[in-house]
């Protein structure tokens, strides 16, 4: 009897992370359907919920010590749908279709580069730094293009500049396969002395999201993306200054 309970618990522990991954995939498909029917707010919510489930599956697997090769591959395939195809279709149905073949091309490039990003991550994961991502993570790219897409739907004045969404889609695509480093928050070392500060910071963030959900998500994800780009520029000039000092 004890063995049956133990085996049942182990089976459930292996099943649970994959259920979260399946839920992420389901929400990705639901987002595509909602976007095709021009329910863009609903489509964006599905992508955000998918992001939450995607974050839970890996953490649950690590907590229950049930990580597996199957789970890793399943998660990558789910990410292609939820954070690759779904945001690309959101972009196409909200703005890209106005630009004909160019809109199709930019949507397709985003999905292809997102798949390359995931494949590279899986290959490099065992040897990569746990504190950074090489290239923009595909979930972040998904939130970036989706939130800005919603901003253009929300504010009439922005609709005159819809072509900027093409540039944003292209930028997100290339950032995913770039070598730009972005901070990872998967393994944060929280000391007791900093818990209050972190808690206060999180309360402020969640309060802003509660009051202004679309605007807050847009601002936060844009700051994160710009951080990687600004860091490259700053490091370039620092290296140039050091080189000039050395030569002199």
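The C-beta contact set for the stretch 150-170 (first residue free of Cβ contacts under 8 Å to residues at least 12 places away in the same chain, second residue in a helix (DSSP H, G or I), distance under 6 angstrom, 6+ apart or interchain) comprises 158/152. Going by the conditions given, is residue 86 surrounded by 19 or more Cβ atoms within 10 Å (Cβ to Cβ), within 20 Å of residue 184 (Cβ to Cβ) and within 16 Å of the chain's Cα centre (by Cα)? Against the criterion (surrounded by 19 or more Cβ atoms within 10 Å (Cβ to Cβ), within 20 Å of residue 184 (Cβ to Cβ) and within 16 Å of the chain's Cα centre (by Cα)), residue 86 does not qualify. I'd like to check something: does the stretch 149-158 contain any residue that is over 22 Å from residue 46 (Cα atoms), at pLDDT 85 or above, assigned to a helix (DSSP H, G or I) and in contact with a helix residue (DSSP H, G or I) (Cβ under 8 Å, 6 or more places away or on another chain)? Looking for residues that are over 22 Å from residue 46 (Cα atoms), at pLDDT 85 or above, assigned to a helix (DSSP H, G or I) and in contact with a helix residue (DSSP H, G or I) (Cβ under 8 Å, 6 or more places away or on another chain), one finds at least one in the stretch 149-158, hence yes.
Would you confirm, using the coordinates I've provided, whether residue 105 is at pLDDT 95 or above, under 25 Å from residue 175 (Cβ atoms) and crowded, with 22+ Cβ neighbours inside 10 Å? Taking the combined requirement at face value, the residue does not satisfy it. In the stretch 51-72, the count of residues that are surrounded by fewer than 21 Cβ atoms within 10 Å (Cβ to Cβ) and on the phi > 0 side of the Ramachandran plot is one or more.
From 6, 42, grab the single residue that is at pLDDT 90 or above and in a helix (DSSP H, G or I). Checking each option against the conditions leaves just 42. Whenever a residue of the stretch 96-117 is on the phi > 0 side of the Ramachandran plot and without any contact (Cβ under 8 Å) to a residue 60 or more places away in the chain, it has no partner that is surrounded by fewer than 19 Cβ atoms within 10 Å (Cβ to Cβ) and part of a helix (DSSP H, G or I) lying with C-beta atoms less than 6 angstrom away and at least six residues away or across chains.
The values are calculated or read from the model by the stated rules, or taken from the named source; none is laboratory data. None of these values were measured; they are calculated from a predicted model. When we count neighbours, we look across all protein chains shown, and the Cβ atoms used for this are built from the backbone with ideal geometry, even at glycine.
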